[in-house]
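Colleague: My structure is below; once you've seen it, I'll send some questions.
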Amino acid sequence: RDFNERCAQCSEVNWGLTDGGRFYCRSCHNVTERTREVVNTDFITNSRVQTISKGSRKQEKNDGGSEWYICEGFQLVLKKQVEALEALGVCPQMKDEILYNFWRCYLQKSKQAYCERPAGETVKALSVCESSTDVDSDPERPSLLHLLSLSESEGDLQTDCSFASSVSKVSESTSVYSGSVDGSLYLTKNQKDKLRMTMPMTLSFCYMALLWVREPITLSELLRYVVEGHIPYLNVFQHFPEKMKLCGLDLKIFCVESWPVYEEVFNKMHELAAFLDLPRFPDITESCFLHPDMLCMKYLMEANLPDELHNWTCRVVKKIGIGEVDFLTLVPGNKSTRKVKYDVLAVAVIVVVLKLLFLLDDHYEWLLSEHAEERNKNNTEGGPYFEFKKWYEVVKRSLDVEQKKLDEERAKYLWRCEKPLFYSVKNKSKVLKRRQMVVNLQNQFGKLSGSVQRAEKPNPSSFQLSWSEENTDGSCFHGHSLKGVLQEKRGLLTVMNPDYWLCTVKLCNEKLCGHLGHYKEVEFPQSYHFVLGLFSFLLRVQPSYIHDEVCMIEHKLFNKKLYKKLKYNTVLRK
Amino acid sequence: SSNEHKLNFKKSKEACLSYIQDALLQKQWKRAAEFLACYVEALEKDYSREPIGPSEMIWRIGTEILWHHSQSSMKEFNCFMEQMKTLGVKRYLKVCLEHVFHLLCNGQIDEAYQNLSLAESWRFGEQTAIQDKEMKLVQAYRGLLDYCSWSKQKNILLEQGEDGFSDLAVEQEMHGYFRKAAVNLKEIIKMPGVWDIFVKCYVDLLEFYGDHKEARQVLNEYAYNSKFPANPNAHVYLYQFLKRQREPKKSLISALKILHDIVPSHELMIDFNTMLQKSKKRKKRRLGLEVIFAALDYAGWKENAKAWSCLARQMKQIVTSEKHLDWIKQEWSSRKDWWPAFHFSRYLAKRNWQENENLSYEKALVAGILLGKGCKYFKYVSHQGCKAQLKRFRMLKKFVNKHNPVYLRISG
């Protein structure tokens, strides 16, 4: 729902949510009487909520555990994640005012808490991780194998199945094998309308909160921090308290064995925002970090490109209207507008600008570079002219080194943690023995690795590549001038390049095939591939992802020309 | 959009393995160890669908690294092997055997013996029957070590015998080892396979105790039973045995004939040719010529003066007698296109003359007969030889000149 009223005090439209669920103006902190009640139902407590908040549980387990629900687990995960974000410098309000409210709203909407228990749903407190002889074996209940196969296959499904099969040989017909009370229900219920919670979705929550608060962290950065270990994700469950015993199906839910991908987290976030019926998000204006002008600046710096290119990116942004507040600000549930990927959009703009200036057809850019080199010889005053060739060599060298490091790191990831995971008490001892052997072997071979110790986690940094102007070897191109590739025409500086090639003449239907354009390395120039590869590395997304965005921008930019009848297929004259 | 590029556990470990593989190929043991340390957690996942699981990978890779790494000790190695034995019951005996091999390579015979005995006493339900072949190997190798002990005792006894002593205890021990060894060795060589070392040792035992009949039987089986893979060594062993038994030339020749068929370049071909040349039977002499020509087809024989002298002697004899020139013609017809460049080039003439006078002499004789007095090899060597005033080269020149027409008939 849109809450677009202007504030009574300061006339801004910039709302946040207080703890009590009221809207408050962030510019002047005026608290309104309007509450979320208008938007959703009252908080009706029920026994489940009482159970959670008052902590009165059945202490029936003899292994020291107690009842716990899956959503409690996720709540803990979110707590850890947001605390980590705070440690990174995110504003503290995000935790209590934003993220927790989102979470509570989610719990209510998905009827896991703060609502009436839906009729017909009984949560049997069934036996947990013990031998199943005393449980009603209901033949209609799905078997363990079936449950495992239902959930999204995050890890190696067949391996888990074989673990399970060794377990289910003992008890084929019992179903509930989880430390949590509702683990099996969580996996079986048809969750289409209720948006079941998953580990990647925790990151969607984080990103959503970050976006609401307009923190200067892009989604690609967030995901990179996760992989670098600054934000808990893998093995977060080891921080669960002792009494929350994790086993059986809980593992399927909480133990991930893959890193989440940008598209996944991004799409889920939008689904979530719509599901929660959130109003229009706070405006993304020109002074915002997420505005393309700002992000372009950042990425230009990181890509070691001349600052002067920023003028060009701003011009493109303005021309196609992607700097407008209404384009950039998220309105959940609005299906007609394209969802904005701020970081991908910014790098795509840069790619388009590079194509405008240098054409990037594996031919022209090198010619221009030679031309600039010639002019540089006679260039005595001011900064040197930018030479594509030199830039390419410098950046490629660094990129290769970093890529190699990254590839090695990915091969060396340690996925497991100290906390043992077992599907049932029966294979606990086997699991523990294995773990012990793994630790022994790690120690033995770790010692033989020589002086190479596992490096400490690098400090989180917004920039992965950095170039210093102080370097006298000329490896920093920020201050270089574009005059070498521009020409004067009627008193204005324009590009020398008269041509442009479109990545795709016709945009595909994203909903049908998932892409706007189709990127195959062999079908495009090497220079273009290099540039895509550079930003693909920085953002940790696939080149095709950026390529799609480039297609979109190009079609906006050359909109008029495309509607005219084209004589040539792919080459346009500006 | 597809999640194929998603990095997950499986892909990460696959990448890790390829880094390990690269490091191993480049003998970078430290780097291999570094990546292996990251790989081992794959043990905590079940890979029962894959053909080779992590436990086998870790065993094989870890063995290589620990064996070659400069800072790794035998103690560490043994400790690692013990761990590997517990990892996969289906591989238990294989791991034991490999461990024993490494111990033997390191000279730790006693430890190897202990491990073999331990392995022999292992029982594990139906696995024992499934790993029956490995068990036989374990027993065979124990038998082999028993043979080594027997051999040691035998040598002690012989030394003592020379000094006039005779120690009953030593003798008893020796007989004890013999019994243990014989039982196991006999078992393994019943199975089709390549058991060279077991056969050799067993035959040695049998010969010492005078059981020649059994020895002959064993060797015949090993050489002629079609169930056994074709093995040149089997025939070599048989030949050597028959020679020791002073068998008539006929049986020696038949043993070597098969060897010639399988491995015409075998070093025993010289002995074979020598025997055949001396034979009264024409067929045998003919075969001898064939044998020596065939051996010299191989690059490894090019500089073997003895082989050339055999050929030279036989050819000289044929040419002098003027009988059976057609034999030479037959052998030469398939070789005249390539032997000149292969054996008789001017470059080789120079080199042979410099390095080995005998070799050049014999070759020059053969070249002169086959290619005539005008051939570069003969001309160069004989010229050099005459310059050096060596009598035999003068004789050689005369001989070839005298018999030059023969060349024309051969080459025709």
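Rule-based calculations on the coordinates, nothing more; no lab input. Since the structure is predicted, the reported quantities are computational estimates derived from the model, not experimental observations. For neighbour counting, all protein chains shown are included, and Cβ atoms are generated from backbone atoms with ideal geometry for every residue, glycine included.
Colleague: Convert each backbone phi in region B:134-150 into a coupling constant with the Karplus relation 6.51 cos²θ - 1.76 cosθ + 1.60 (shift: θ = phi - 60°), then list the ³J(HN,Hα) values in order as whole Hz, x for Gly and Pro.
Modeller: Rounded to whole hertz, the list is 4, 4, 4, 5, 4, 5, 4, 6, 5, x, 5, 5, 4, 4, 4, 5, 4.
Colleague: Same structure again: Per the helix-only calculation at 222 nm, which mean residue ellipticity applies to chain B, given -39500 (n - 2.57) for every DSSP H run of n ≥ 4 and division by its residues, nearest 500 deg cm²/dmol?
Modeller: The helix-only estimate for chain B comes to -23500 deg cm²/dmol at 222 nm.
Colleague: Given region B:322-412, what whole percent of its Cα pairs are spread farther than 17 Å?
Modeller: 45
Colleague: If you don't mind, there's one more thing I want to ask. Taking the beta-carbon count within 10 Å as an exposure proxy, list A:GLU67, B:GLU82 from fewest neighbours to most.
Modeller: In increasing order of surrounding Cβ atoms, one gets B:GLU82, A:GLU67.
Colleague: Using each residue's phi in region B:358-370, evaluate 6.51 cos²θ - 1.76 cosθ + 1.60 at θ = phi - 60° and report the 3J(HN,Hα) Karplus result to the nearest Hz, with x for Gly and Pro.
Modeller: Using θ = phi - 60°, the values come out as 4, 4, 5, 5, 4, 5, 4, 4, 4, 4, x, 6, 6 Hz.
Colleague: Can you list the HN-Hα couplings for region B:159-168, worked out from phi with the Karplus curve (6.51, -1.76, 1.60; θ = phi - 60°), rounded to whole Hz and with x for Gly and Pro?
Modeller: Values, residue by residue: 4, 4, x, 5, 7, x, 8, 8, 9, 5 Hz.
Colleague: Sticking with this structure for a sec: Can you list the residues, at least 5 places off or on another chain, whose amide H is less than 5 Å from the amide H of A:LEU486, using H built in the peptide plane?
Modeller: Here the answer is none, since no amide H 5 or more places off falls under 5 Å of that of A:LEU486.
Colleague: For region B:253-330, evaluate the Debye formula with one uniform point scatterer on each Cα (no solvent term) and list log10 I(q)/I(0) at q = 0.26 Å⁻¹, rounded to two decimals.
Modeller: -1.32
Colleague: Rg to Rh for region B:310-363: what is it, with Cα atoms only and Rh by Kirkwood?
Modeller: A ratio of 1.04.
Colleague: Where q = 0.13, 0.17, 0.18 Å⁻¹, what log10 of I(q)/I(0) comes from the Debye formula for region B:254-412, counting one point per Cα?
Modeller: -0.57, -0.98, -1.10
Colleague: Name the long-range amide H neighbours of A:ASN235: under 5 Å, sequence gap of 5 or more, or other chain; modelled H, no Pro or chain starts.
Modeller: A:VAL256
Colleague: Need one value for A:435-442: mean number of C-beta atoms belonging to other chains within 10 Å of its residues' C-beta atoms.
Modeller: Mean partner-chain Cβ count within 10 Å for A:435-442: 5.
Colleague: Which value in Å is the Kirkwood Rh of region B:196-285 over different Cα pairs?
Modeller: Over region B:196-285, the inverse of the mean reciprocal pair distance is 13.7 Å.
Colleague: Another one. What's the center-to-center distance, using Cα atoms, between region B:251-293 and region A:302-349 in Å?
Modeller: Region B:251-293 and region A:302-349 have Cα centres spaced 88 Å from each other.
Colleague: Then there's this: List the equivalent ellipsoid semi-axes of region A:335-398 in whole Å, largest first, each obtained as the square root of 5λ for an eigenvalue λ of the Cα gyration tensor.
Modeller: After diagonalising the Cα gyration tensor, the semi-axes are 31, 13, 12 Å.
Colleague: Would you list the P(r) distribution for region B:1-117, with all Cα-Cα distances sorted into 10 Å bins from 0 and each bin expressed as a whole %?
Modeller: 12, 40, 32, 12, 3, 1, 0
Colleague: For a quick check: with amide H placed at 1.01 Å from N, whose amide H comes under 5 Å from A:TYR385's, ignoring anything fewer than 5 positions away on the same chain?
Modeller: Residues meeting the criterion, in which the H sits 1.01 Å from N, are A:SER481.
Colleague: Separation of region B:207-243 and region A:364-393 by C-alpha centroid, Å?
Modeller: Each part reduced to its Cα centre gives a spacing of 82 Å.
Colleague: Which pairs break 18 Å Cα to Cα here: A:LYS430/B:LYS45; A:LYS430/B:LYS94; A:LYS483/A:LYS561; A:LYS430/B:LYS85?
Modeller: A:LYS430/B:LYS94; A:LYS483/A:LYS561
Colleague: Additional query: Using only the Cα atoms, work out Rg/Rh for chain B, with Rh taken as the Kirkwood radius, to two decimals.
Modeller: We get a ratio of 1.12 for chain B.
Colleague: Would you kindly state how much longer the chain becomes between B:GLU207 and B:ASP297 on full extension, computed as 0.36 nm times their sequence separation minus their alpha carbon distance, in nm to one decimal?
Modeller: Taking 0.36 nm per residue and subtracting the Cα distance, the gain is 28.7 nm.
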